Amino acid sequence: MTQLRTEPDKSDLSVKELLRTLMRDSSDLVHQEIDLLKAEIRETTTRFEKALVLFAIGGALGIAAALVLLSAINRGLTSLLAQWISVEVAVWLAPLLLALVFGGIAFLMFRKGGDVLKDTSFKPKQTVQTLQEDKEWMKRKAT
């Protein structure tokens, strides 16, 4: 960012020159704040893009792996349950148990992903802070 110009002592300047200086410095501040806001928005957008790409890749790979794994576990659990209960019951009980277990795990993963997004704010904190500082600076400069 560019630095604000330092001007001679106020007592040496006319009112017209003081107003001109105030307007020029105010304009510089507005441009600097806009640049800061753009940078903060760009940074936040980049973070969201990275998070979404990771969610998409992880989700696709997870679904593929889960389908293969669930098929194998379902067959194994069905065979295991068939030793104690009838095959007709084991055929529907095994997938039901697996759906409950993996559904619970999926819920926890989505909840964790939501917590990650919750930590990212759309509010440009640094811009708001510097705008407050600029407001105070302009008040001091005008008096």
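The values are calculated or read from the model by the stated rules, or taken from the named source; none is laboratory data. A quick note: this is a predicted structure, and the numbers were derived from the prediction, not measured. With ideal geometry, Cβ positions are generated from the backbone for all residues, glycine too; neighbour counts draw on all protein chains shown.
Couple of notes before you dig in:
- T130 meets all of the listed conditions (1) within 30 Å of M23 (Cβ to Cβ); (2) touching a helix residue (DSSP H, G or I) at 6+ places or on another chain (Cβ under 6 Å); (3) hydroxyl-bearing (S, T, Y) but one, namely (2).
- Restricting L4, L37 to those that are aliphatic (A, V, I, L, M) and either part of a helix (DSSP H, G or I) or at pLDDT 85 or above (or both) reduces the list to L37.
- Count - residues of the stretch 64-121 that are under 30 Å from R47 (Cα atoms), of a type in the set (V, I, T) and part of a helix (DSSP H, G or I): 2
- So T127, is it surrounded by 10 or more Cβ atoms within 10 Å (Cβ to Cβ) and either outside any helix (DSSP H, G or I) or in contact (Cβ under 8 Å) with a residue 24 or more places away in the chain (or both): yes
- Meets criteria (among the basic types (K, R), farther than 30 Å from S14 by Cβ and loosely packed, with under 12 Cβ neighbours inside 10 Å) for K139: no
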